[in-house]
Each structure stands twice: as C-alpha cells, then as structure tokens.
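Only one structure is covered here, and it is reproduced in the block below.
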Amino acid sequence: MTGLRERKKQRTRLAIQEQALALFGRDGYENTTIKQIAAAAEVSERTFFRYFPTKEDVVTWDGLDLSFAVRFRAQPATDSTFDAVRATLLETFTDLSPTEQRRLRERVVLMTSVPPLRALLLDQLVGTGHAIARLVADRIGAEPGDPGVRALVGAVVGAAFAAVLAVPEHPDTDFATLLDETLEHLSVMPTVE
C-alpha cells in the first residue's frame, strides 16, 4: 500500500499529464508550451519539472512497469513463459479504468504521430523489453541475454509495437484487445521454458 505522500505525488503527476494531453489535443503537441501545461494543471513550472524533466516525458510516462512485474511474478508456475507474459499484459491493460484507457490511447496516438515522440516510443519499448527479459530470465533460471529469452521478449515487444501502431487505425478497440489479438498469432510459436 502506498503512503499518502506517494498518492499525492501520483495525483499531481496524473493531473499534469491530463492537462498536457488536453492541450496537445486542442492546440497540437508542438504548439503547446510547458508554461501552458503548468498553468492548466495549476502548478508552477518548477513543479512541472519535478515530475517531468521534459515535455516529452509528460507523454511517455506511465506507471505500468511496477504493476507488470508484480502481476508477472504472480502467474502460475505451470503456465508456459509466453502464456505468463501474455496473461500479464492482458491483465495489466484490461484492468485500466476508462479514464486510463482514454489517456493511454491519447498518448499512443501522440507517440505514433509526432516524430520526436516516435523515437522515444522506440526507446520505451526497448526499456520495457529489458525489464521483461529480466523477469523472464528469473522465472526460467536463465540470463536476460540468453538467446531463448531474447527471442521470446523480442517477439512480445514486436507484437506490442504492432499493437501500438494499430491504435490510431482502430479507434473503437481498446489496447488490450489489439495487443491480445496480435499475441494470439505468436501463441502457436514454440516458447522458452
């Protein structure tokens, strides 16, 4: 359970991101300044920078990494590693509230349409891949650089990227569904055990 201070920080971070996304949607990413975001969120620019070092960070930030790790470690040991990763991803994105689903969609559309953000999206996917590789390696008693771990994680991250790219084309489909449909195609492949 998180303490009051952490919950307050989380609320402030979310409020800043919410206002930023609204401004980006209305005025465009390039035309929106940090000063405008801070004013809309009713915080100082200094406070903005305490939470987000750059304007790009306000788009790329999410709190899903910790949630993913906890959920992955809770998957049944009898499940294949691929099934455990897939179930964890599905749980993580299915459990998002409607507001979080909307925010995720807005962020993904921005990250796929604004060139500087697209590069950060790729960096974020690489970072996520490294985090998943460590979790998978721990689960199977291997090293993160093991070829089997790399193959599994590369396939999953590739599927996630394909799902991300599908978001703007499927405005009425939630991300969890797009991701799971993509991962379904990988389920026939051999997995790391």
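Nothing in this text is a laboratory measurement; each read-out follows from the coordinates by a stated rule. This structure is a prediction, so every number in the text was calculated from the model and none was measured. Because the Cβ atoms are built from the backbone with ideal geometry, glycine has one as well, and the counts that use them run over all protein chains shown.
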So what is the 222 nm mean residue ellipticity for the chain from helices alone, if each DSSP H run of at least 4 adds -39500 (n - 2.57) and you divide by all residues, rounding to the nearest 500 deg cm²/dmol? -24000 deg cm²/dmol
Nearest 20 debye, what's the magnitude of the dipole of segment 124-193 about its Cα centre given +1 on Lys and Arg Cβ and -1 on Asp and Glu Cβ? 320 debye
Listed candidates [x] 10.0; [y] 11.7; [z] 10.9 - label of the one calculated as mean projected area of the Cα convex hull in nm²: [y]
Counting only C-alpha contacts under 8 Å and six or more residues apart, can you give the relative contact order of the chain as a whole percent? 20 percent
Rounded to the nearest 10, the angle in degrees between the Cα long axis of helix 175-186 and the longest principal axis of the Cα atoms of the chain comes to 30 degrees
At R0 = 22 Å the Cβ-Cβ FRET efficiency linking Ser44 and Arg11, nearest 0.05, sits at 0.85
Between 0 and 90°, nearest 10: helix 98-113 axis offset from the chain longest Cα axis: 90 degrees
Sort 4-16, 102-114 by the packing proxy (mean of other Cβ within 10 Å over each peptide's residues), most packed first. 102-114, 4-16
Cα-based equivalent ellipsoid, segment 1-52: semi-axes from gyration tensor eigenvalues, Å: 23, 11, 7
Taking the dipole of segment 4-55 about the Cα centre (Lys, Arg +1; Asp, Glu -1; charges at Cβ), the one of Thr12, Gln36, Thr54 that reaches farthest to the positive side is Thr12
Dipole moment magnitude, nearest 20 debye, segment 4-55 about Cα centre, only Lys, Arg, Asp, Glu C-beta charged: 380 debye
Sorted on mean Cβ neighbours within 10 Å (highest first), peptides 42-51, 17-26, 171-180, 84-93 come out as 84-93, 17-26, 171-180, 42-51
